[in-house]
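Everything below concerns the one structure shown next.
Every number here is computed from the coordinates shown, using simple stated rules; none is lab data. Quick caveat, the model's predicted, so the values are computed rather than measured. Cβ coordinates were reconstructed from backbone atoms using ideal geometry, including for glycine residues, and neighbour counts include every protein chain displayed.
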Amino acid sequence: MAEAMAFVDLKAQYAALKVQIAERMQRVLDHGQYIMGPEVAELEVRLAANCGARHCITVASGTEAILIALMALSLKPGDEVITTPFTFAATAEMIVLLGGVPVFVDIEPDTCLIDTRLIESKISPRTRAILPVGLYGQCADMDEINAIAARHGGLAVIEDAAQSFGALYNGRRSCNLSLLACTSFFPSKPLGCYGDGGAVFTSDDALARACREIRVHGQSARYSHTRIGVGGRMDTLQCAIVLAKLERFEWELARREALAARYLNGLAQLAPRVVPISMRPGRTSAWAQMTVRSPQRDALAAHLRAQDIPTAVHYPLPLHHQPAYADLCAADEHPHSIAAGREVLSLPMSADLAEADLDRVLDALAFFSVP
Ligand SMILES: *Cc1c(COP(=O)(O)O)cnc(C)c1O
């Protein structure tokens, strides 16, 4: 029997890069600089060049990247940060951890990205930053968000690009679209390592210096602790793995784009029972997820599971329906985020997904009848 279809096929990716990964890891084991070894700076130069930002600071995870970016901005208790409730918890969690207040703005129902028309009504004298999320791999309307931020006394804009590294927005790459950007190298993200890792991007020299210091306990020089920081480094072995994976990254992006086009072509016949997330003109997705909406989402997931097709829900609840964030606003606010939580379903997607498997998913979707 053929191997079961993977939701994200990391085994096939590893098989394709096995030699490069082994060589890269062996070099680290030989030189022995497991923390802040030469691969760390090498990766930072490569990633900055890849997206066009002046600086890349690798850190321990995508979550840590958001924390360090907010600390570099000197976020103070009571400061407000505008973001969306339809995201992974880390986005809002790091704001709360620093004593800040996430102020939620609902999403556009068709893209699941922050609805920029709703942002200005949420800006207050305490607003410090706007933190849009490139959910599923497509960037939010960053030009519009930067314009809003500029109109309101230069609010900071931080892109949560954990899912969108590699995406294009009007010809520019995600992570080079705003004052600061954060990405994740969690294994299943568009560019993953084999553990935890992440990076902050900025073209602002002072913010880059602040991020570098915060990453190593606020040290401006060894044992010179000029500010409060964290132990937030990405280790050398993980940087070596990302360097090996970069050799195939552009191919993987193009391949996911081609697979997405095949999915979208097949899905066009299935509306309104199954509808893909919309793409905006001028933007490409890194296709972290291939996500559809269905009014019968749970029955659809069960129907696919019965045919050994794995799916996932990103995310079942908006953050204001999670106990830890429920006191931030009324439960009935942000109706589009609530509806998306009930309807979204992510289908198998990775550069190594076989066309035959993709077509099997489309066939299964076509034979889904409303229970
Ligand atoms: C994955 C993710 C994060 C956190 O990244 P980690 O590396 O897992 O800490 C933050 N925001 C979004 C939108 C994510 O998808």
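What are the membrane-span-like helices in the chain by this rule: whole DSSP H runs, Cα extent along the axis at least 30 Å, mean Kyte-Doolittle hydropathy at least 1.0? Span-like helices here: none at all. Sort the stretch 331-371 into rounded, prolate or oblate with this rule: let a ≥ b ≥ c be the square roots of the eigenvalues of the Cα gyration tensor; rounded if a/c is under 1.5, and if a/c is not under 1.5, prolate when a/b is larger than b/c, oblate otherwise. Cα axes put the stretch 331-371 in the oblate bin. Measuring spread by the Cα atoms of the chain yields a radius of gyration and Dmax of 20.6, 65 Å.
Largest first, the three principal axis extents of the alpha carbons in the stretch 1-120 are 51, 45, 27 Å in whole numbers. Residue by residue, the stretch 107-113 carries 3J(HN,Hα) couplings of 9, 6, x, 8, 9, 6, 9 Hz when phi is fed to the Karplus relation 6.51 cos²θ - 1.76 cosθ + 1.60 (θ = phi - 60°); x denotes Gly or Pro.
Look at the alpha carbon pairs under 8 Å that are at least 6 residues apart: their mean separation over the length of the stretch 205-345 gives a relative contact order of 15 percent. The magnitude of the dipole of the chain, with charges of +1 and -1 set on the Cβ of Lys/Arg and Asp/Glu and taken from the Cα centre, is near 540 debye. Our compactness index for the stretch 164-305, the C-alpha radius of gyration over the empirical 2.2 N^0.38 Å, is 1.35.
A Gaussian network model of the chain, with springs between Cα atoms under 10 Å, assigns the largest mean-square fluctuation among Ala69, Ala356, Ala208 to Ala356. Within the chain, the cysteines lacking any other cysteine Cβ closer than 4.7 Å to their own Cβ are Cys56, Cys112, Cys139, Cys182, Cys193, Cys211, Cys239, Cys329. Summarising the strand pairing of the chain, around 65 percent of its internal DSSP beta bridges are antiparallel.
Across the stretch 70-189, the relative contact order, built from alpha-carbon pairs under 8 Å that are at least six residues apart, equals 21 percent. Dividing the alpha-carbon radius of gyration of the stretch 109-196 by the rule-of-thumb value 2.2 N^0.38 Å gives 1.12.
Answer rounded, prolate or oblate for the stretch 229-371, using the Cα gyration tensor with square roots of eigenvalues a ≥ b ≥ c: rounded when a/c is under 1.5, else prolate when a/b is larger than b/c, else oblate. Taking the square roots of the gyration eigenvalues as a ≥ b ≥ c, the stretch 229-371 is oblate. Under the criterion of Cα pairs below 8 Å and six or more residues apart, the relative contact order for the chain equals 22 percent. Kindly identify the stretch 296-371 as rounded, prolate or oblate by the Cα gyration tensor criterion: order the square roots of the eigenvalues as a ≥ b ≥ c, call it rounded if a/c is under 1.5, otherwise compare a/b with b/c, prolate if a/b is larger, else oblate. Cα axes put the stretch 296-371 in the prolate bin. In terms of the mean number of neighbouring beta-carbon atoms within 10 Å, the peptides 171-180, 334-343 order highest first as 171-180, 334-343.
The packing ranking, built from the mean of other Cβ atoms within 10 Å per residue, places the peptides 210-217, 60-67, 110-117, 249-256 in the order 60-67, 210-217, 110-117, 249-256, highest first.
Estimated at 0.36 nm per residue, the fully extended path between Ser121 and Ala326 surpasses their Cα-Cα distance by 71.7 nm.
Ordering 195-202, 281-288, 52-59 by mean Cβ neighbour count within 10 Å, with the highest value first, yields 195-202, 52-59, 281-288. When DSSP beta bridges are restricted to pairs lying wholly in the stretch 28-165, around 10% turn out antiparallel.
Tell me, rounded to the nearest percent, the portion of alpha carbon pairs in the stretch 151-243 spaced more than 23 Å apart. Above the 23 Å cut-off, the stretch 151-243 has 33 percent of its Cα pairs.
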